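See structure below.
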Amino acid sequence: MKIVVAIKQVPARDSQLRIAPSGQWIEDADLTYEINEPDAYALEEGLQLKEKHGGEVVALSAGPARAASTIREALAKGADRAIHIEEEDLGDPLAGARVMAAAVKAESPDLVLTGLQSDDLGYGQTGVILAELLGLPHATLIMHVEKQEGGIRVKRELEDGWFQHVEMPLPALLTIQSGISKLRYATLMGIKKAKTKEIKRLTAADLGVAAAASGIAIDRIYLPERTKRTQLFEGNPKEAAAKLVEKLRFEARIL
């Protein structure tokens, strides 16, 4: 199987976030970066499928030059080669998916894996848009992948502890749910081998994709305001409890 895994570099979870002077994004000058956690699970699933059924895993990342460190991490964990689409700002999920679709088409993979969503923006759209652009059958929230003759069988996570099993033909695209398996660490040998593995560097222009204006505009980002409010409920304990439950259910929405 040839498996393409889309990975994204995002700010590390323990980074100290500060709002940029423009007020439209965070200050990124002093941030540290890491692989997007949902994408790490997609990579792990791709590596496990390769170990069971053979083939190769190609890591695909679209982002600035600094994303090379995340690509090297994917190679160190076991990806065979990588494609780096060097673009500073891909705008919205549609723009990013268009660029990646052009790269994926040239590879003609059996399976494309992405994380469910990104830790920084959390749109959860890139994978399904990519499937649409490629004309591939797709499934989301994948918890298990089983290769069968002529296709795959996947387990999807639904609401309230329910699951759905779906049989799909190949090629296909899956968005992987976090926690599907235990993530591996890069070994010392893997880190050494990663230095010799191929990283193909491209731009949107190389892929014949024209830059498009983003359809999403961020006007302002800000820290949540911290407020304290006390409310006393009149009446006997039974009446007060009923009012409390009503507040928690319809205002706080935690019941």
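The values are calculated or read from the model by the stated rules, or taken from the named source; none is laboratory data. A quick note: this is a predicted structure, and the numbers were derived from the prediction, not measured. Cβ: placed from backbone, ideal geometry, glycine included. Neighbour counts: every protein chain shown.
Reported count of residues in the range 217-251, each being among the hydrophobic types (A, V, I, L, M, F, W, C), closer than 30 Å to Gln16 by Cβ and exposed (fewer than 10 other Cβ atoms within 10 Å of the Cβ), is 2.
What residue, among those in the range 212-255 that are in contact (Cβ under 8 Å) with a residue 12 or more places away in the chain and among the hydroxyl-bearing types (Ser, Thr, Tyr), is farthest from Gln125 (Cα to Cα)? Talk me through it step by step, then tell me what you get.
So the first thing to find is which residues in the range 212-255 are in contact (Cβ under 8 Å) with a residue 12 or more places away in the chain, and the list is 212-216, 218-223, 231, 247.
Narrowing further to those that are among the hydroxyl-bearing types (Ser, Thr, Tyr): 214, 222.
Working: Ser214: 14, Tyr222: 24 Å.
Of everything passing the filter in the range 212-255, Tyr222 is farthest from Gln125 (Cα to Cα).
What are the pairs with Cβ atoms under 9 angstrom where one residue, in the range 10-31, is on the phi > 0 side of the Ramachandran plot and the other, located anywhere, is charged (D, E, K, R) and at pLDDT 85 or above? Sequence gap at least six, or different chains. So the pair list comes out as Gly23/Asp219; Gly23/Arg220.
Just one of Ala97, Ala131, Ala79 is in contact with a strand residue (DSSP E or B) (Cβ under 6 Å, 6 or more places away or on another chain), of a type in the set (Gly, Ala, Ser) and not in a loop (DSSP other than H, G, I, E, B); which is it?
Details: Ala97 fails: in contact with a strand residue (DSSP E or B) (Cβ under 6 Å, 6 or more places away or on another chain); Ala79 fails: not in a loop (DSSP other than H, G, I, E, B).
Answer to the selection: Ala131.
Does the range 174-194 contain at least one residue that is in contact with a Phe, Trp or Tyr (Cβ under 9 Å, 6 or more places away or on another chain), surrounded by fewer than 14 Cβ atoms within 10 Å (Cβ to Cβ), modelled with pLDDT of 80 or more and farther than 21 Å from Asp39 by Cβ? No: zero hits. Kindly provide the set of residues from the range 30-76 that are in contact with a Gly (Cβ under 7 Å, 6 or more places away or on another chain), of a type in the set (A, V, I, L, M, F, W, C), in a helix (DSSP H, G or I) and under 23 Å from Val99 (Cβ atoms), ordered by number. Hit for the range 30-76 is Ala42, nothing else. Scanning the range 1-29 for residues that are in a strand (DSSP E or B) and within 30 Å of Gln48 (Cα to Cα) yields Lys2, Ile3, Val4, Val5, Ala6, Gln9, Val10, Pro11.
Do we find a residue being surrounded by 19 or more Cβ atoms within 10 Å (Cβ to Cβ), in contact (Cβ under 8 Å) with a residue 24 or more places away in the chain and outside any loop (DSSP other than H, G, I, E, B) anywhere in the range 153-167? So that I can check it myself, show each step before the final result.
Of the range 153-167, the ones surrounded by 19 or more Cβ atoms within 10 Å (Cβ to Cβ) are 154.
From what's left, in contact (Cβ under 8 Å) with a residue 24 or more places away in the chain: none.
Within the range 153-167, none of the residues are surrounded by 19 or more Cβ atoms within 10 Å (Cβ to Cβ), in contact (Cβ under 8 Å) with a residue 24 or more places away in the chain and outside any loop (DSSP other than H, G, I, E, B).
Regarding Gly55, is this residue at positive phi and surrounded by 13 or more Cβ atoms within 10 Å (Cβ to Cβ)?
Working: at positive phi: yes; surrounded by 13 or more Cβ atoms within 10 Å (Cβ to Cβ): yes.
For Gly55, the condition - at positive phi and surrounded by 13 or more Cβ atoms within 10 Å (Cβ to Cβ) - is met.
Of the numbered criteria (1) crowded, with 16+ Cβ neighbours inside 10 Å; (2) of a type in the set (A, V, I, L, M); (3) within 30 Å of His53 (Cβ to Cβ), the one Ala106 fails is (1).
Here's a check for you: in the range 113-128, which residue that is of a type in the set (A, V, I, L, M, F, W, C) and surrounded by fewer than 20 Cβ atoms within 10 Å (Cβ to Cβ) is nearest to Glu37 (Cα to Cα)? Taking the candidates together, the pick is Leu121. Scanning the range 134-152 for residues that are assigned to a loop (DSSP other than H, G, I, E, B) and touching a Pro at 6+ places or on another chain (Cβ under 8 Å) turns up Leu136, Pro137, Gly150.
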